[in-house]
Amino acid sequence: MKKLQNYAHGQWVEGTGDGKTLYNSITGEPIAAATSEGLDFGEMMDYGRRVGGPALRKMTFHERGLMLKALAMHLMKKKKDFYKLSWATGATKPDSWFDIDGGFGNLFANASLRRQFPNESYYVDGEMHNFSQSGQFVGHHIMVPKEGVAIHINAFNFPVWGMLEKCAVNWFAGVPAIVKPATLTSYLTEAVVREIIDSKILPEGALQLIAGSARGIIDHVESQDIVTFTGSASTGKMLKSNPRLVEEAVPFNMEADSLNASVLGEDAAPGTPEFDIFVKEVRKEMTVKAGQKCTAIRRAIVPEKYVDDVRKALTEQLQKTTVGDPNIDGTRMGALAGQEQRTEVREKVNQLLAEQELAYGSLETAELNGADYEKGAFLSPILMVNSDPFNKKACHDVEAFGPVATILPYKNNDEAIELTRMGKGSLVTSIATADDKTARDFTLGTAAYNGRIMILNRDCAKESTGHGAPLPLLVHGGPGRAGGGEEMGGKRGVFHYMQRTAIQGSPTTLTEVTNQYQYGAKHKDPGKHVFQKHFEELEVGETVFTHKHTVTETDITNFANVSGDNFYAHMDKTSLDGTIFEDRVAHGYFILSKAAGLFVDPKKGPVLLNYGIDNCRFTKPVYPGMTIGVRFTVQEKIENDKLGDENVAKGIVKFMVDIYDDEDETVGLATILTMVKKLDQSAAEEAAKEAENEE
Ligand code: NDP
């Protein structure tokens, strides 16, 4: 039989021994054997740290983002092959879409994060803090990639997404990964890894694969490593208690099975759009991936008075869910990932049935579309009703990882909140309600017990991404029972793989370290006006000192006329009693506009446009008779690969506008955002040629 291979220290390696036989969950036929015997996990981790880490750290965020994008585009082209294999895991086409396209989508989403990071290998976090009277001793934070390796131990239900949602983040941060998929479905992960390695898009050492058991891997972790785990709470807790993690202070991000809930609001009576939305969502979560989703709804919390209506509506929906071979038309739900899983789910359902009533389904049989119940790992959807969920508590504790859910009745919103919290920590809870007050009370009452809360009503349901879909830019992970971890989450996710370090020194030194101009640092002479320099020619710290302007009462009156802003403090000298102002004060926006008049170089040059202002502050009143000038400094340069409709290669430059008075004190401080043309227009020329060829 075909043996899956492991990818270790730059080579495909076949494990020794017979390995574990993996079966097609639709037909029951053997597919391959998986073994990692003979692999040296310590050596693999060392290789990741020695080879993959340095190569990724040499790249900037921008380069890593483009690498993810290229990888996503490459994998998209091979999608068909992966869908074929995914079928053997029991997945329907929509299930495979979640896993495969969802995984590639994650790469794309993380690639786009490059626009929020500097074109450096490190990130500058937050604001500068001044700790001194003269402003010459300041502090800031930088974040650098950890110099270890990310070990991802994954569950069987998402062999592609499970790997990519995690790797996208650690690669973007500059950290290599060793992926250990659950053995059961590792043949699909192996196929994707093979394609990734063959593409040569990642630097060598950025990805290694263990297609088989990884028992003992935690014993090799070192202080710069990170471990993530997705799977059962029992395995997670066992791994997390490994003393090596404590000794080396290695973060262990755990995402375990949780008893997620969906609540039907008290207002959502049968016949309302919210009632229908709720029923649809519960049905979907029970049957997508045959309910083998960490986010699936296990507890449907319903107003007592509507229990019978929900039971009837869900039963009707579930009857329409044709179970069987996903390759045969009409099938809406496939099989569980394996026979072992089916045995486990049956055991769990029997535990639940000890105190709740079966409302729909059977553990013994199912009407199947073109498949054999005994050979495959099929199970019919199982719906139960618990009459007393405050006292019959197994529903808050036992997770049957399949197409299984229980209806729990409640009397009022406070009870719905209490029942939700009895899950002791979930990845996600949703509520269907058109009453925003209910939504607010429910959200604030349950947020501490959830990683994500989705509120559905008639306004948002059509465009909703769904209860079960974690999004790359939002937190995925939950407290307590859900493992206490946090994956993804846009920038926040990336930071899990980075070390935040406080840096202290003079603003000039910190400008050099961060490559972002820090207020109070020495200025550099640009040689000519900065608006006459291209993106590549500009250097952080280059400053234009402008002419000066003495503010007059006429300026204030004229600006009031132009803007229509006749606020008393600008216009009426007799109204200033009890205010901080001593005289008619110039409008802050006048000061900023005048500053623009002073710092702009009017001749046509490489600056294409000014598209906004960040962090604008007016720090000291300006009265008639005071003189202002501007120190106009290149604060930060941000790489940009978008050519736009006008097909011009350009970068983003942030300029610090420091407006000061006769006493050399800052009266206004702002950051303006500009787009500046590059000297190198080769990307634009190439794009123009391509467009011409297409024509
Ligand atoms: P497990 O917890 O058994 O396994 C999860 C991962 O841990 C697998 O890759 C497994 O590898 C690995 N593993 C197990 N023991 C060790 C060890 N000693 N050292 C290193 N790695 C280890 O979960 P399953 O995937 O088997 O699923 C079982 C249950 O977990 C489900 O029935 C469900 O309740 C829950 N689950 C929760 C998910 C979630 O996202 N929250 C997702 C999937 C499952 P191997 O496969 O080789 O044993």
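The values are calculated or read from the model by the stated rules, or taken from the named source; none is laboratory data. Since we're looking at a predicted model, the values are computed, not measured. Please note: Cβ atoms are built from the backbone with ideal geometry, for glycine as well, and neighbour counts cover all protein chains shown. Calculation scope for accessible area: heavy atoms of the full protein, side chains included, ligands and nucleic acids excluded. Shrake-Rupley method; radii C 1.70, N 1.55, O 1.52, S 1.80 Å.
Quick one: how many residues across the range 1-52 are assigned to a loop (DSSP other than H, G, I, E, B) and either open to solvent by 20 Å² or more (accessible area, probe 1.4 Å) or without any contact (Cβ under 8 Å) to a residue 60 or more places away in the chain (or both)?
Final tally of qualifying residues: 15.
Just a yes or no: is a residue in the range 601-613 surrounded by 14 or more Cβ atoms within 10 Å (Cβ to Cβ) and in a helix (DSSP H, G or I)?
no
Just give me the residues in the range 148-162 being within 11 Å of the ligand (Cβ to nearest atom) and under 20 Å from residue 468 (Cα atoms), in sequence order.
Scanning the range 148-162 gives 154, 155, 156, 157, 158, 159, 161, 162.
If you check 292, 224, 208, which single one turns out to be touching a residue at least 60 places away in the same chain (Cβ under 8 Å) and open to solvent by 50 Å² or more (accessible area, probe 1.4 Å)?
224
Any chance you could count how many residues in the range 508-533 are closer than 15 Å to residue 633 by Cα, of a type outside the set (Gly, Ala, Ser) and over 33 Å from the mean Cα position of the chain (by Cα)?
Of the residues in that region, 12 qualify.
I'm told residue 98 meets every condition in (1) open to solvent by 10 Å² or more (accessible area, probe 1.4 Å); (2) more than 30 Å from residue 338 (Cβ to Cβ); (3) not small (Gly, Ala, Ser) except one. Can you identify the failing condition by its number?
The number of the failed condition is (2).
Name the single residue, out of those in the range 72-95 being open to solvent by 60 Å² or more (accessible area, probe 1.4 Å), charged (D, E, K, R) and touching a residue at least 40 places away in the same chain (Cβ under 8 Å), that is nearest to residue 169 (Cα to Cα).
Going through the qualifying residues, I end up with 78.
Only one of 448, 502 is in a strand (DSSP E or B) and farther than 16 Å from residue 253 by Cβ. Can you tell me which?
After ruling out the rest, the residue left standing is 502.
List pairs: first in the range 327-344 and open to solvent by less than 60 Å² (accessible area, probe 1.4 Å) and away from the ligand (no atom under 11 Å from the Cβ), second aromatic (Phe, Trp, Tyr) and assigned to a loop (DSSP other than H, G, I, E, B), Cβ under 9 Å, 6+ apart or cross-chain?
333/378; 334/378; 335/378
Can you give me the number of residues within the range 169-200 that are open to solvent by 10 Å² or more (accessible area, probe 1.4 Å) and within 22 Å of the chain's Cα centre (by Cα)?
Residues that pass the stated criteria total 1.
Restricting to the range 231-256, what's the tally of residues that are closer than 21 Å to residue 400 by Cβ and open to solvent by less than 30 Å² (accessible area, probe 1.4 Å)?
The qualifying residues number 6.
Residue 109 passes all but one of (1) within 19 Å of the chain's Cα centre (by Cα); (2) surrounded by 21 or more Cβ atoms within 10 Å (Cβ to Cβ); (3) more than 16 Å from the ligand (Cβ to nearest atom); which number fails?
Looking at each condition in turn, residue 109 falls short on (2).
Of the conditions (1) at pLDDT 95 or above; (2) over 26 Å from residue 53 (Cβ atoms); (3) assigned to a helix (DSSP H, G or I); (4) out of contact with any strand residue (DSSP E or B) (no Cβ under 7 Å at 6 or more places or on another chain), residue 278 fails just one. Which one is it?
With respect to (1) at pLDDT 95 or above; (2) over 26 Å from residue 53 (Cβ atoms); (3) assigned to a helix (DSSP H, G or I); (4) out of contact with any strand residue (DSSP E or B) (no Cβ under 7 Å at 6 or more places or on another chain), residue 278 is out only on (4).
Kindly provide the set of residues from the range 222-243 that are part of a loop (DSSP other than H, G, I, E, B) and near the ligand (Cβ under 7 Å from one of its atoms), ordered by number.
232
Which count do you get for residues in the range 128-153 that are within 18 Å of residue 250 (Cβ to Cβ) and either free of Cβ contacts under 8 Å to residues at least 24 places away in the same chain or small (Gly, Ala, Ser) (or both)?
Total satisfying the criteria: 2.
Only one of (1) in contact (Cβ under 8 Å) with a residue 60 or more places away in the chain; (2) open to solvent by less than 10 Å² (accessible area, probe 1.4 Å); (3) over 30 Å from residue 251 (Cβ atoms) is not met by residue 544, so which one is it?
Residue 544 satisfies all of (1) in contact (Cβ under 8 Å) with a residue 60 or more places away in the chain; (2) open to solvent by less than 10 Å² (accessible area, probe 1.4 Å); (3) over 30 Å from residue 251 (Cβ atoms) except (2).
What tally of residues in the range 385-417 results from selecting those that are surrounded by fewer than 16 Cβ atoms within 10 Å (Cβ to Cβ), free of Cβ contacts under 8 Å to residues at least 40 places away in the same chain and either of a type outside the set (Phe, Trp, Tyr) or outside any loop (DSSP other than H, G, I, E, B) (or both)?
5
Could you tell me whether residue 262 is under 26 Å from the mean Cα position of the chain (by Cα), surrounded by 21 or more Cβ atoms within 10 Å (Cβ to Cβ), touching a residue at least 40 places away in the same chain (Cβ under 8 Å) and within 14 Å of the ligand (Cβ to nearest atom)?
So residue 262 fails the test.
Looking at 666, 633, 619, 674 in this structure, which one is open to solvent by 60 Å² or more (accessible area, probe 1.4 Å) and polar (S, T, N, Q)?
After applying the criteria, what remains is 619.
Output the residue which, of all residues in the range 504-522 that are farther than 12 Å from residue 658 by Cβ and of a type in the set (A, V, I, L, M, F, W, C), is surrounded by the fewest Cβ atoms within 10 Å (Cβ to Cβ).
In this case the residue turns out to be 513.
Residues checked against (1) part of a helix (DSSP H, G or I); (2) within 12 Å of the ligand (Cβ to nearest atom):
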residue	(1), (2)
184	yes, yes
193	yes, no
198	yes, no
202	no, no
